[in-house]
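Visitor: Handing you a structure now.
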Amino acid sequence: MEMTDTMKVLQGKGVVPGVVIGRIRLTSQDISGYLAQYVARNPAAEAEKLEQALLTAQQDLETVITRAREAGEEKQAEIMGAHVMMVGDPELKNSVLGKIAEGLAAPRAMLDASEEFAMIFAAMDNEYMQERAADVRDIGRRVAKLLLGIVDTVEGDEPLILCGAEIEPSAIANLPPAMVQGVIMGQGGTTSHAVIIAKSRGLATVVGLSEYLGSLKDGDEVVLDGDKGQVILGADTASLANYRARAEAGREQRRRDLAIASLPAVTTDGVRVQLAANVGIPQDMQAAMPFGCEGVGLYRTEFLFMGRDTVPGEEEQFKAYREVVEQCGEHLCVIRTMDIGGDKPLPYLEIPREDNPFLGWRAIRISLVRTDLFMTQLRAILRASAFGKIAIMLPMVISSGEIRQARQHLQAAMRQLEQEQIAFDRNIQFGIMVETPAAAVMTPQLAKECDFFSIGTNDLVQYTLAVDRVNPNVSSLYSHYHPAVLRLIRQTITAAREQGIWSGMCGEMAGDPLAAVLLLGMGIHELSMSGPAIPRVKEMIRSIDSGRARQLLDQALELDDAAAVKELLLKELGN
Ligand code: PEP
Ligand code: MG
């Protein structure tokens with residue numbers, strides 16, 4: 001590749017492959033730098049700037065609404081319509097002007113006033129009004145950005161690359177998929193939740209660039225190379241042509257991936273594996289469907305609870321579950337009860353600060369204490385079960401008692417619905433994630449309490465190897481090929497088979513074609529992964545026979561470490 005004086009290559013770690021040429025969009029954390037540098041003028045001048053920014057915001061929103069309508073995105077248009085009303089709200093404006101008169105800079109005044117309004121909305125006793133809190137914050141930020149001169153590229157047609165020290169999963173989730181095509185993060189290992197969402201959308205992603213973040217500005221045009229883990233600034237014409245060709249090759253590969261979407265995942269000797277999708281928000285399902293997913297193997301419901309100030313109510317949850325279940329058609333939709341805590345804290349849950357949040361009060365441990373939240377969620381899932389085939393899955397289980405306790409709540413929720421004459425599926429499946437070493441070791445006992453296991457390797461690897469899944473300093477030790485992990489997985493799948501229940505996997509390992517061969521050798525029934533990962537796994541399964549997979553598994557289990565296992569698979573199966 002030709003280099004010029006102005007071309008700069010920032011080296012990080014590529015976690016989702018692909019090449020994107022697009023404009024940087026800094027996420028919320030980064031606005032503070034602009035605020036600190038903003039030089040306020042006198043109150044009259046600041047007030048005038050505010051008037052102008054409000055007007056521009058209104059015009060921008062009108063453009064977004066028109067585009068959304070043209071694209072048939074009625075819902076988006078409706079939300080933006082509410083935003084237009086808020087931008088024009090005289091009460092909000094007066095509040096901002098009051099703060100400016102007290103000497104605050106216009107952008108600060110806008111952010112503070114919108115936050116005050118958001119708090120009022122959030123405290124209201126009405127779910128609809130509570131949800132407006134996020135909207136008013138959003139417009140506060142939109143107007144503040146205009147005042148700060150930050151080019152808000154969302155309205156353009158060019159691809160956006162989200163960039164931040166740490167990106168909140170909701171920052172990716174809330175943006176329309178077609179707009180965002182890449183992600184750059186300062187921190188974050190390969191299984192942080194922002195990365196998981198990026199994967200499910202097939203967004204090229206590079207992490208570990210914290211030392212360079214200062215040199216990336218809103219609106220900068222950059223090349224993001226997720227294959228090599230690079231971000232390139234000021235690429236010269238020859239290099240740009242090269243990157244464009246690679247981006248096109250990526251699109252071509254995607255077309256090929258889509259072409260095998262309708263073929264079954266079956267080995268050359270006829271062993272069939274179910275390939276399902278992992279979803280975080282209902283839109284992920286739309287992204288996964290074209291890749292031929294057979295239902296959902298993991299619906300991470302906690303995303304519904306994140307990026308907001310209040311707990312989502314039963315009705316809101318029901319709608320979100322029903323939307324995904326209906327898209328699954330005759331296939332199963334595995335809904336995991338909220339996995340809060342760990343790397344997914346919630347401000348309104350008041351989880352006390354913990355030294356080891358991954359070993360702390362999280363997931364099923366919270367659900368069994370905050371039974372009010374758990375019951376609401378179970379009721380919402382049960383109600384959605386009248387609209388398709390649902391399985392309920394419990395996260396972070398370590399013992400049979402937890403499953404029994406959770407089942408009692410499920411039965412109580414069923415009794416309530418029966419009394420209220422609300423329809424639900426009486427035979428709804430009830431299963432657990434095997435993501436702690438304790439659960440993996442106890443699978444013969446746990447299998448008696450549930451209908452299925454789904455192996456969560458993201459956590460199982462971190463707990464088995466004592467390697468934090470989001471700490472880049474130890475990421476080289478984090479591997480699902482470690483024979484200790486493989487043995488626990490084999491034990492789990494064997495226990496499931498022996499007890500006549502099905503087993504699947506929904507951790508990131510399931511989307512690795514090489515690992516899929518080992519899992520096939522172990523006799524797994526289902527693999528659930530991000531939509532874009534499905535075709536490559538399917539290709540691998542369709543190219544091998546199950547006897548060969550078992551042979552490779554036996555060889556792998558004799559090896560000493562993760563590197564040796566990976567080397568064996570690469571040698572035997574190619575990359
Ligand atoms: C896992 O741990 O593998 C898993 C799928 O759950 P999460 O990544 O949401 O913790
Ligand atoms: Mg987990």
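The values are calculated or read from the model by the stated rules, or taken from the named source; none is laboratory data. Every value quoted in this text rests on a predicted model; they were computed, and no experiment measured them. Every residue, glycine among them, receives a Cβ derived from its backbone with ideal geometry; neighbour counts consider all protein chains shown. Note: accessible area is taken over every heavy atom of the protein model, side chains too, but ligands, DNA and RNA are not part of it. Shrake-Rupley method; radii C 1.70, N 1.55, O 1.52, S 1.80 Å.
Visitor: Check segment 495-518 and report whether any residue there is of a type in the set (Asp, Glu) and either within 15 Å of ligand 1 (Cβ to nearest atom) or open to solvent by less than 10 Å² (accessible area, probe 1.4 Å) (or both). Don't jump to the end; show me each part of the working.
Guide: Filtering segment 495-518 down to residues of a type in the set (Asp, Glu) leaves 498, 508, 512.
Filter again for either within 15 Å of ligand 1 (Cβ to nearest atom) or open to solvent by less than 10 Å² (accessible area, probe 1.4 Å) (or both), leaving 508, 512.
Yes, segment 495-518 has at least one match.
Visitor: Related question: For segment 530-545, which residues satisfy the criterion of being open to solvent by less than 10 Å² (accessible area, probe 1.4 Å) and of a type in the set (Gly, Ala, Ser)?
Guide: Scanning segment 530-545 gives a single hit, Gly531.
Visitor: Let me ask you something else. Applying the selection to segment 227-265, what residues are open to solvent by 70 Å² or more (accessible area, probe 1.4 Å), farther than 16 Å from Thr6 by Cα and without any contact (Cβ under 8 Å) to a residue 24 or more places away in the chain?
Guide: Within segment 227-265, Glu248, Arg251, Glu252, Arg255, Ala259 qualify.
Visitor: When segment 320-342 is examined, which residues are found to be within 16 Å of ligand 2 (Cβ to nearest atom) and within 24 Å of His525 (Cβ to Cβ)?
Guide: Residues of segment 320-342 that are within 16 Å of ligand 2 (Cβ to nearest atom), as a first pass: 334-342.
Across segment 320-342, the qualifying residues are Val334, Ile335, Arg336, Thr337, Asp339.
Visitor: Any idea how many residues of segment 132-157 are among the charged types (D, E, K, R), modelled with pLDDT under 75 and either farther than 21 Å from Phe117 by Cβ or in contact with an Asp or Glu (Cβ under 8 Å, 6 or more places away or on another chain) (or both)?
Guide: 3
Visitor: Sticking with this one: Considering every residue within segment 435-442, establish whether at least one is more than 16 Å from ligand 2 (Cβ to nearest atom) and surrounded by 14 or more Cβ atoms within 10 Å (Cβ to Cβ). Write out each step before concluding.
Guide: From segment 435-442, those more than 16 Å from ligand 2 (Cβ to nearest atom) are 441-442; that's our starting set.
From what is left, the residues that are surrounded by 14 or more Cβ atoms within 10 Å (Cβ to Cβ) are 441-442.
Yes, some residue in segment 435-442 is more than 16 Å from ligand 2 (Cβ to nearest atom) and surrounded by 14 or more Cβ atoms within 10 Å (Cβ to Cβ).
Visitor: Here are Arg365, Arg322: which of them is within 16 Å of ligand 1 (Cβ to nearest atom), open to solvent by 50 Å² or more (accessible area, probe 1.4 Å) and either out of contact with any strand residue (DSSP E or B) (no Cβ under 6 Å at 6 or more places or on another chain) or part of a helix (DSSP H, G or I) (or both)? Reasoning before the result, please.
Guide: Values: Arg322 fails: within 16 Å of ligand 1 (Cβ to nearest atom).
Testing whether each residue is within 16 Å of ligand 1 (Cβ to nearest atom), open to solvent by 50 Å² or more (accessible area, probe 1.4 Å) and either out of contact with any strand residue (DSSP E or B) (no Cβ under 6 Å at 6 or more places or on another chain) or part of a helix (DSSP H, G or I) (or both) leaves just Arg365.
Visitor: Which of the residues belonging to segment 544-575 are farther than 15 Å from Asp512 by Cα and polar (S, T, N, Q)?
Guide: Ser546, Gln551, Gln555 - these are the residues of segment 544-575 that are farther than 15 Å from Asp512 by Cα and polar (S, T, N, Q).
Visitor: Ok, one more. Does any residue of segment 533-547 turn out to be among the small types (Gly, Ala, Ser), more than 16 Å from ligand 2 (Cβ to nearest atom) and within 25 Å of Pro437 (Cβ to Cβ)? Break it down into steps so the answer makes sense when it comes.
Guide: So the first thing to find is which residues in segment 533-547 are among the small types (Gly, Ala, Ser), and the list is 533, 543, 546-547.
Next, only the ones that are more than 16 Å from ligand 2 (Cβ to nearest atom) stay: 533, 543, 546-547.
Subset that is within 25 Å of Pro437 (Cβ to Cβ): none.
No; the residues of segment 533-547 include none that is among the small types (Gly, Ala, Ser), more than 16 Å from ligand 2 (Cβ to nearest atom) and within 25 Å of Pro437 (Cβ to Cβ).
Visitor: How many residues are touching a residue at least 24 places away in the same chain (Cβ under 8 Å), more than 16 Å from ligand 2 (Cβ to nearest atom) and either touching a Pro at 6+ places or on another chain (Cβ under 7 Å) or outside any strand (DSSP E or B) (or both) when one looks only at segment 416-434? I'd like the intermediate steps shown before the answer.
Guide: So in segment 416-434, the residues touching a residue at least 24 places away in the same chain (Cβ under 8 Å) come out as 416-417, 422-425, 428-434.
Narrowing further to those that are more than 16 Å from ligand 2 (Cβ to nearest atom): 416-417, 422-425, 428-430.
This time we only want the ones that are either touching a Pro at 6+ places or on another chain (Cβ under 7 Å) or outside any strand (DSSP E or B) (or both), so: 416-417, 422-425, 428.
Count: 7.
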